[in-house]
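Report on one structure; see the data block that follows.
The values are calculated or read from the model by the stated rules, or taken from the named source; none is laboratory data. No experiment lies behind these values; they were computed from the predicted model shown. For neighbour counting, all protein chains shown are included, and Cβ atoms are generated from backbone atoms with ideal geometry for every residue, glycine included.
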Amino acid sequence: MWSRLRRATDHLKAGQIPDGGPDKGVSNIGLKFDVRGWVNDGSTLTGLQVLVDPDTAGYLLVDSNTINTGAAVRVQGELVESPARGQLVELKATAVYLIGECNQETYPLQKKRHSLPYLRSIPHLRPRTNTFGAVTRVRSALAFATHQFFRESGFQYIHTPILSASDCEGAGEMFQVTTLIGKHDEALAQGPVSEQDVHHLKERISKQNSLVSSAKLAAHTVDSQDLRDQEKQAVQQLKHLKQQVGPLMERVTHYRGLVKNQEGLTDYSQDFFGKPTFLTVSGQLNAEMYATAMSDVYTFEFWMIEPEMAFADLSDDMNCAEAYLKHCLRYILDHCSEDLEFFARQNDKMLVHRLQDIVAKPFARLSYTDAVELLQKAKVKFTFPVNWGSDLQSEHERYLTETEFKGTPRYHRLPKRHQAFYMRVNSDDKTVAAMDLLVPGVGELIGGSQREERLQMLEQRIAQLGLNAQDYWWYLDLRRYGSVPHAGFGLGFERLVQFATGVENIRDVIPFPRYPGHCEF
């Protein structure tokens, strides 16, 4: 579609004409255009008004309401100055064509503002609305700014695996990937089967072996084409029967249920990867492989940004996180101003001011202990009491960002007992070199740490948390061979989009949201 548009002279998408430069398309007045798009499609916040006179080719399509909301059209015409308020240019049509009609009786999107919960019920059509068009443009700009920042900062982009045999966070709450259940269901669908069926098949193979021997003897005794053909057919039949043995035995095995080992546990050696495998919750451990070889790397998988820096401590980590966030927000302020103004009108009138404020001011830094003391002194009755060693709740984070600092604080030196095994233990043996970065309205946006580079300490932490050291043999090897201090952080991309747009529900900034009981498409 894009290349075809670009090959045509003066051929643009409808949304590109009003946005054509700083003069909003005025410099294009008098030019002829061939435009294709949708009626009220939401692909741009600034719509293009089309004037259709009764003598215009295709006028009847408009007059009969055949061309209506959601219809795909092609319009040829000349861009003229608009007398209407709120727009500088409009397209005076010379011809109108209907490309794809839209049935108004069944079309779920009408010319009115729909609620976000309603749009969640039609996720395949909600990209056509103004709100989700704006979300998509901001999301795209943030993704570009992410790659731009790390490339300009000397990082290498790493593709980490989506499937993993390791539990990065040590929480044990991962989605497992297995073919064993599917094999059991397939065996059930094919009907009952048992060892007796395997026995009968082996008896047929034995009989066929005898027939093959007899056919070979006859073919070699008498010079006859018929006998040679019979020998060939007998051999092919024997081969066919033998090929059925393996699948039949596998079918018998899986018909009984999930394959068990001697301990009575599921035998994952029969699975596709030969071991338990999961959807990864983070590419961090894998990224550390490359960070210890190429210094600074980052991954941007399953919408999680995870940089890893060699020869870096927690202070470097916090500096990088602050610079990255400011770069992304500065980029959308410069390149998505119209969309941000739309969100300010729709969601939060202070949105643009808040983003500008975060870009302009340095982030506050305080230790977890200091944060707890501030919350304990606050003249606010929290639902969850604040005690040293407990996780800060959303209400605590909102107080720090919206009341105490009115901005973006970072707290560090977090209690060891709540943190992952790979975080570097501090000298007090109570805290780890980790940090959380908070933003107003969302809470934690970035979590990061200096990684434990000391082999002995890492082995101790794995044992203390009850993890299986054999699962992390390769991760321990990174500490055996040229270990260096290193650090990194993780940022959930949807949370960044949510914060940048002011959209309340995170499901409304994800193109294809998945949550319990819902996995469409």
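Of all residues being modelled with pLDDT under 90 and charged (D, E, K, R) in segment 417-473, which is nearest to N347 (Cα to Cα)? Just the residue, please. Of everything passing the filter in segment 417-473, R417 is nearest to N347 (Cα to Cα). Beta carbons closer than 6 Å, at least 6 apart along the sequence or on distinct chains, never pair a first residue in segment 417-439 that is not assigned by TED's automatic domain parsing to the domain that holds S315 with a second that is surrounded by fewer than 22 Cβ atoms within 10 Å (Cβ to Cβ).
Scanning segment 52-72 for residues that are part of a strand (DSSP E or B) and at pLDDT below 90 yields a single hit, A72. Kindly indicate whether L467 is assigned by TED's automatic domain parsing to the domain that holds D317 and surrounded by 20 or more Cβ atoms within 10 Å (Cβ to Cβ). Answer is no for this residue. E452 meets all of the listed conditions (1) surrounded by 21 or more Cβ atoms within 10 Å (Cβ to Cβ); (2) more than 23 Å from F311 (Cβ to Cβ) but one, namely (2).
May I ask you to verify whether R74 is on the phi < 0 side of the Ramachandran plot, of a type in the set (K, R) and without any contact (Cβ under 8 Å) to a residue 40 or more places away in the chain? So R74 does not fit the description; no. Here E444 meets each of (1) in a strand (DSSP E or B); (2) in contact (Cβ under 8 Å) with a residue 60 or more places away in the chain with one exception, condition (2). Listed by position, the helices (runs of 4 or more DSSP H) contained in segment 180-273 that have at least 1 residues being modelled with pLDDT of 85 or more are 195-221, 225-255. Of the residues making up segment 42-77, just one is more than 22 Å from K111 (Cβ to Cβ), over 42 Å from the mean Cα position of the chain (by Cα) and surrounded by 16 or more Cβ atoms within 10 Å (Cβ to Cβ), namely T56.
Scanning segment 360-389 for residues that are surrounded by 14 or more Cβ atoms within 10 Å (Cβ to Cβ) and among the hydroxyl-bearing types (S, T, Y) gives S367, Y368, T369. For T401, the test of being among the β-branched types (V, I, T) and out of contact with any helix residue (DSSP H, G or I) (no Cβ under 6 Å at 6 or more places or on another chain) is passed. Remark: E101 falls outside the filter, which requires a residue to be modelled with pLDDT of 80 or more, more than 26 Å from R126 (Cα to Cα) and out of contact with any helix residue (DSSP H, G or I) (no Cβ under 9 Å at 6 or more places or on another chain).
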